[in-house]
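Asker: Have a look at this one.
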Amino acid sequence: MTTQSSLLVLFLLLCSTTFLSHLATAQEFPGRGDGYKRIKDVKYYHVVDIANYAIEEHNRQTGQELQFVRIIRGYLDGRYYKLIILAKDHGRKQRYEAVVWEKLWDKLRELVSFKLLA
């Protein structure tokens, strides 16, 4: 029984070490260097939540009163979301590009850039 217990402990230790090493590697996303990949479902609730965050944060920083309409296109590179957003500015619809950094497991977000597109 002692040998089986020792083997079980060794097996669990090996599994947890392997899992933690994969988890640590997965957290090293920023600037992976392979470029932005297109987000297929820009209506996915998490992507829409990030777009709303970008508009709310931009409004807070600038005093504007933009209103979210929809996401036109979205791209992801690790922790960075680049979203082309359609928003209303006093009734006039305009396109904006927002870049948001997110660290999901720590529930952190930061608006990196937000600009009007011509």
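Asker: Applying the selection to region 54-78, what residues are over 13 Å from Tyr96 (Cβ atoms) and surrounded by 16 or more Cβ atoms within 10 Å (Cβ to Cβ)?
Answerer: Tyr75, Leu76, Asp77, Gly78
Asker: What number of residues within region 36-70 satisfy the criterion of being more than 16 Å from Val112 (Cα to Cα), part of a loop (DSSP other than H, G, I, E, B) and not basic (Lys, Arg)?
Answerer: Qualifying residue count, region 36-70: 8.
The rows are residues; the columns are (1) modelled with pLDDT of 65 or more; (2) of a type in the set (Lys, Arg); (3) assigned by TED's automatic domain parsing to the domain that holds Val112.
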{"residue": "Thr2", "(1), (2), (3)": "yes, no, no"}
{"residue": "Phe11", "(1), (2), (3)": "no, no, no"}
{"residue": "Thr17", "(1), (2), (3)": "no, no, no"}
{"residue": "Lys37", "(1), (2), (3)": "yes, yes, yes"}
{"residue": "Ala51", "(1), (2), (3)": "yes, no, yes"}
{"residue": "Ile55", "(1), (2), (3)": "yes, no, yes"}
{"residue": "His58", "(1), (2), (3)": "yes, no, yes"}
{"residue": "Gly78", "(1), (2), (3)": "yes, no, yes"}
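Asker: Can I ask one more? Of everything in region 78-112, what is touching a helix residue (DSSP H, G or I) at 6+ places or on another chain (Cβ under 9 Å) and in a strand (DSSP E or B)? Give them in sequence order.
Answerer: If the condition is that a residue be touching a helix residue (DSSP H, G or I) at 6+ places or on another chain (Cβ under 9 Å) and in a strand (DSSP E or B), then Tyr81, Leu83, Ile85, Ala87, Tyr96, Ala98, Val99, Val100, Glu102, Arg109, Glu110, Leu111 are the ones that fit.
Asker: For region 88-114, name all the residues that are over 15 Å from the mean Cα position of the chain (by Cα) and loosely packed, with under 10 Cβ neighbours inside 10 Å.
Answerer: Matches in region 88-114: His90, Gly91, Arg92.
Asker: If I ask for residues that are in contact with an Asp or Glu (Cβ under 8 Å, 6 or more places away or on another chain) and more than 25 Å from Lys88 (Cβ to Cβ), which ones from region 102-118 would you list?
Answerer: Leu108
Asker: Which is without any contact (Cβ under 8 Å) to a residue 24 or more places away in the chain and either within 16 Å of Lys43 (Cβ to Cβ) or out of contact with any Ser or Thr (no Cβ under 6 Å at 6 or more places or on another chain) (or both), of Arg60, Arg73, Arg79?
Answerer: Arg60
The values are calculated or read from the model by the stated rules, or taken from the named source; none is laboratory data. If you're wondering where the values come from, they're calculated on a predicted model, not measured in any experiment. Cβ coordinates were reconstructed from backbone atoms using ideal geometry, including for glycine residues, and neighbour counts include every protein chain displayed.
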